[in-house]
Amino acid sequence: MIQFEQIGEIRKYRLARSILGRGLYFTACYWIDGLVVDTGCAHTVDELVSVLDGLPINCIVNTHGHEDHTAANAVLQTKYGVEVLAHPLALPVLSAPREKQPLQLYRQIMWGYPTPSRGSALGKTVETEHHRFEVIYTPGHSPDHICLFEPKKGWLFTGDAYIGGKDRALRQDYDVWRIIKSLKKNVGLNLSLLCPGSGSVRRNPRQEIVEKIEYLEELGHRILMLHREGVGDRQISRTILGREMPIAYFSMGHFSGKNLVRSYVMNRGGIKG
């Protein structure tokens, strides 16, 4: 399933595996001035390649190496002969996804394994014919995460460094304090448009990022207070976050409120960093 929207010079494609006519979990691909930012999941490769047909494609950038952002790399690379750029930590995953990033069953169902692709390390900037994008290192969601910022336009492509809403669950391998630090890197930029990995574009980006930081910091404060009182992670999760979301059971606990609590507690050294 693909949903298209034109936002000025930017072409946005929201992608998801479709079951019974409904998208399971949307992720986004953006095209701007010959640059493709992220390439979706394995279940949407053919659709994405089809809708991009006829557009000039000169470069692909992956915001990180997760399977729902990299799956059409190989096909587009073969078709257009273009370079795939990513953080150095992402390159082994791109070249051997099954070996370097084994997927839990729920991730296989929702996104599937990408075909291996050849990647090169990003520098400090990415240039297209009319734009120059700054590369900002934003770990937390993953160690290899970057954002792209076009300072003249105020465009920020965040991948999954920014996720809207009030988090009630987290994956085991996320670091919530590094997520907050990365958001703080972006909040000081002169932003006009935030293009996240979900495809839900924000047109008041600074305020949205500020509210996200405030929510996550306040949540962390409440969690650590209960932890210091000797309350266990599971009880903290129930007290502050409520009942586990359905994804916690579908993922067999890999994505859960308990993991969100654990990330605050186990990575709390990041508060001062």
Problem - Summed residue charge, Cβ within 15 Å of Val93's Cβ, Lys/Arg positive, Asp/Glu negative - result: -3
Practice task
Sequence neighbours fewer than 8 away in the same chain don't count; with that in mind, list the lysines whose C-alpha is under 29 Å from Lys212.
Solution key: Lys12, Lys124, Lys152, Lys153, Lys166, Lys181, Lys184, Lys185, Lys258, Lys272
Handout entry: Computed FRET value (nearest 0.05) for Tyr113 with Leu55, which takes r as the C-beta separation and R₀ as 22 Å
Key = 0.25
Handout entry: the chain, helix-only ellipticity at 222 nm - DSSP H runs n ≥ 4, -39,500 (n - 2.57), divided by all residues, nearest 500
Key = -8500 deg cm²/dmol
Completion exercise
Here P(r) for segment 10-167, Cα-Cα distances in 10 Å bins, as whole percents, is 11, 43, 37, 8, 0
Exercise for the section: Over the Cα atoms of segment 194-263, compute the convex hull volume and normalise it per residue, giving Å³. Expected result: 102
Problem - Label point distance in nm, Leu105-Asp173, each placed 7 Å from Cα along Cα→Cβ - result: 1.9
Fill in the blank from the handout: Taking alpha-carbon centroids only, segment 217-231 lies from segment 1-60 a number of Å equal to 40
Exercise for the section: Pull out the extension gain between Glu229 and Arg203, defined as 0.36 nm times the separation in residues minus the alpha carbon to alpha carbon distance; nm, one decimal. Expected result: 5.3 nm
Problem - For the chain, the Rg and Dmax computed from alpha carbons only, in angstrom - result: 18.4, 61
Problem - Cβ-defined net charge surrounding Ile240, 15 Å radius [Lys, Arg +1; Asp, Glu -1] - result: +3
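Bear in mind these aren't lab numbers, they're just calculated from the coordinates by the rules spelled out. Values in this document were obtained by computation on a predicted structure and should not be read as measured data. Every residue, glycine as well, gets a Cβ built from its backbone with ideal geometry; the counts of neighbours run over all protein chains shown.
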